[in-house]
């Protein structure tokens, strides 16, 4: 299981780096290892043998010939009708194993698993069976637009309850922006990767939502401060939060709408990078200031 978590983390980081190249904006690219197949918001069908991994985000996967590596599918259904020599991970999607399906490694699925009696899974099998709506591009887009609204409403009572701490954060909001972002990045990635496993409890997802709300509140204060303090030097936490969050949400909405209309990979990269910065900086600030317990000048 540790190997699976490390593999998924590597996939996300490598996909982000490769997707930023100009050539990737025109078509799906392979990773440096020859034979790897990557697809974002598009269905993928493996009809010839692949000597590498198969990775899909937001699309369905059909494995009709052997894959020598691993198969990872996020927000999409997967059909396996051949041999997979590595692991298969399906998160928020359904998986079907036919009578020809052979998985030499582990099978991890957050969703429904339909297995033929002749199918074979040689490694561990972990399945959290949940009923989910079809994750079409439109459905994913709607979720991406609604989630910030929910986070905003959750952030308001957090600021009201811990107003003094957020006020301290606001005073030193411009300190060490790069260092804070670097500090919060692995924390955000780690919690996000293990969220499906935490979802089996009520406390896990709730803690994650509160953490994201607090992080986005901090980054909202950062962005709002750039505008509010143009006219006033006095920190105004609620005003900065409201303005900053509005700017972040408008930018996210614009990227999602453009993505749904054009399917251009550049907009996916832009959205992912924005989300990474917002949450990484917010979490890094919360950690470095011990949630605003430092006074101005003590952040180190």
Selection count where residues are surrounded by fewer than 18 Cβ atoms within 10 Å (Cβ to Cβ) and either on the phi > 0 side of the Ramachandran plot or assigned to a helix (DSSP H, G or I) (or both), scope the stretch 156-170: 8
Hits in the stretch 93-109 - residues which are touching a residue at least 60 places away in the same chain (Cβ under 8 Å) and buried (at least 24 other Cβ atoms within 10 Å of the Cβ): 108
Restricting the stretch 74-92 to residues that are touching a helix residue (DSSP H, G or I) at 6+ places or on another chain (Cβ under 8 Å) and outside any loop (DSSP other than H, G, I, E, B), the residue that is surrounded by the most Cβ atoms within 10 Å (Cβ to Cβ): 89
Qualifying residues in the stretch 111-131 (those that are part of a strand (DSSP E or B) and free of Cβ contacts under 8 Å to residues at least 60 places away in the same chain) - the one surrounded by the fewest Cβ atoms within 10 Å (Cβ to Cβ): 114
Answer residue from the stretch 93-110, given it is assigned to a loop (DSSP other than H, G, I, E, B) and touching a strand residue (DSSP E or B) at 6+ places or on another chain (Cβ under 6 Å) and is nearest to residue 65 (Cα to Cα) among those: 101
Residue match in the stretch 175-195 (condition: on the phi > 0 side of the Ramachandran plot, within 25 Å of the chain's Cα centre (by Cα) and modelled with pLDDT of 80 or more): yes
Single condition residue 56 does not satisfy, out of (1) modelled with pLDDT of 50 or more; (2) under 21 Å from residue 120 (Cα atoms); (3) surrounded by 15 or more Cβ atoms within 10 Å (Cβ to Cβ): (2)
Residue match in the stretch 145-153 (condition: at pLDDT 85 or above, assigned by TED's automatic domain parsing to the domain that holds residue 257, farther than 24 Å from residue 58 by Cβ and part of a helix (DSSP H, G or I)): no
Residue match in the stretch 63-72 (condition: in a loop (DSSP other than H, G, I, E, B), in contact with a strand residue (DSSP E or B) (Cβ under 9 Å, 6 or more places away or on another chain), within 14 Å of residue 121 (Cα to Cα) and modelled with pLDDT of 90 or more): no
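The values are calculated or read from the model by the stated rules, or taken from the named source; none is laboratory data. Everything numeric here is computed off the predicted structure, so don't read it as measured data. Please note: Cβ atoms are built from the backbone with ideal geometry, for glycine as well, and neighbour counts cover all protein chains shown.
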